[in-house]
Amino acid sequence: MPDILLAAQAVGVRQGRRILLESISFRLEAGEVVTLIGPNGAGKTTLVRALIGALVPTTGRIEKRAGLRIGYTPQKMQLEQMMPMPVARFLALAGRVDAARRATVLEQTRTSAMTGAQLRDLSGGEMQRVLLARALLRAPHLLILDEPTQGLDQPGEARFYALLAEIRAQNDMAVFMVSHDLHVVMAQADRVICLNRHICCQGAPAAISEDPAYRAMFGDRAALAVYRHDHDHSHDHSHGHNHAHESH
């Protein structure tokens, strides 16, 4: 029997007459990596907010396993509006955590040396690691990441995803991630969900890559992502393939 952490059943979200999400149904199982993709305005962040309990669905329901701990990193934070705050204080807002767990998380996320720094002084990559550390402090069963590499350049993205893979290997948890990087999606996810207010298709990356709904949604980017995944992530530019960061 699969260990179901969370299940969305016919979830819909409306804002006045506007339909943000409609008839969303899927399950998240322990240990799996599920990636949510879709165009701008598809409702990805709305769905994430519903999953973490920040938004109550208009219709349907989200069922969670008893005692489920969720770690969450938002898409972005308005740091310029925050009062000066050192990293250590920001991490303490996650709640009481024993010293051993805190030390382990700081080491895993490479943030030990940052605890005295001000949040507003961190680079984009450093801030993402701090957000990841805060999400991990409570030893979550499920880690939810909303566009974790938004605003990072391609080397920064690569470093973040390598760190995430390393942390997953060290922690027993599932990951639900919103991503715009189709290459990462195809290379790292166990399952992909394509969203455009409703679920257009979902399944293993190899199956999704052949789905007409996926190809219609992403066009040339879809083919490029599959090509890059099938050809072992080569960065040889001699054949004219574009490995630059895709626009979104």
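Some observations on this one:
- Boolean, Leu68 is under 23 Å from the mean Cα position of the chain (by Cα) and modelled with pLDDT under 90: no
- Residues located in the stretch 56-75, provided they are out of contact with any Gly (no Cβ under 7 Å at 6 or more places or on another chain) and either buried (at least 17 other Cβ atoms within 10 Å of the Cβ) or closer than 17 Å to Phe26 by Cβ (or both): Arg61, Ile62, Glu63, Lys64, Arg65, Leu68, Ile70, Gly71, Tyr72, Thr73, Pro74
- Checking each residue of the stretch 211-232 against the condition of being at pLDDT below 85, under 14 Å from the mean Cα position of the chain (by Cα) and either surrounded by 19 or more Cβ atoms within 10 Å (Cβ to Cβ) or not hydrophobic (A, V, I, L, M, F, W, C) (or both) gives no match.
- Filter result for Leu93 (in contact with a strand residue (DSSP E or B) (Cβ under 6 Å, 6 or more places away or on another chain) and hydrophobic (A, V, I, L, M, F, W, C)): no
- Answer residue from the stretch 187-209, given it is at pLDDT 85 or above and part of a loop (DSSP other than H, G, I, E, B) and is least open to solvent (accessible area, probe 1.4 Å) among those: Ala189
- Leading residue by the ranking (nearest to Glu210 (Cα to Cα)) among those in the stretch 138-186 that are in contact with a strand residue (DSSP E or B) (Cβ under 8 Å, 6 or more places away or on another chain) and open to solvent by 60 Å² or more (accessible area, probe 1.4 Å): Arg168
- Top-ranked residue of the stretch 1-48 - restricted to ones that are aliphatic (A, V, I, L, M) and outside any strand (DSSP E or B), ranked as surrounded by the most Cβ atoms within 10 Å (Cβ to Cβ): Leu47
- Residue count for the stretch 93-126 satisfying the condition of being surrounded by 15 or more Cβ atoms within 10 Å (Cβ to Cβ) and out of contact with any helix residue (DSSP H, G or I) (no Cβ under 7 Å at 6 or more places or on another chain): 4.
- Filter result for Gln75 (touching a Pro at 6+ places or on another chain (Cβ under 9 Å), without any contact (Cβ under 8 Å) to a residue 40 or more places away in the chain and of a type in the set (S, T, N, Q)): no
The values are calculated or read from the model by the stated rules, or taken from the named source; none is laboratory data. Bear in mind the structure is a predicted one, so any value in this text is a computation, not a measurement. FYI the Cβ positions are ideal-geometry reconstructions off the backbone, even for glycines, and counts take in every protein chain you see. The area values use the complete protein model at the heavy-atom level, side chains included, leaving out ligands, DNA and RNA. Shrake-Rupley method; radii C 1.70, N 1.55, O 1.52, S 1.80 Å.
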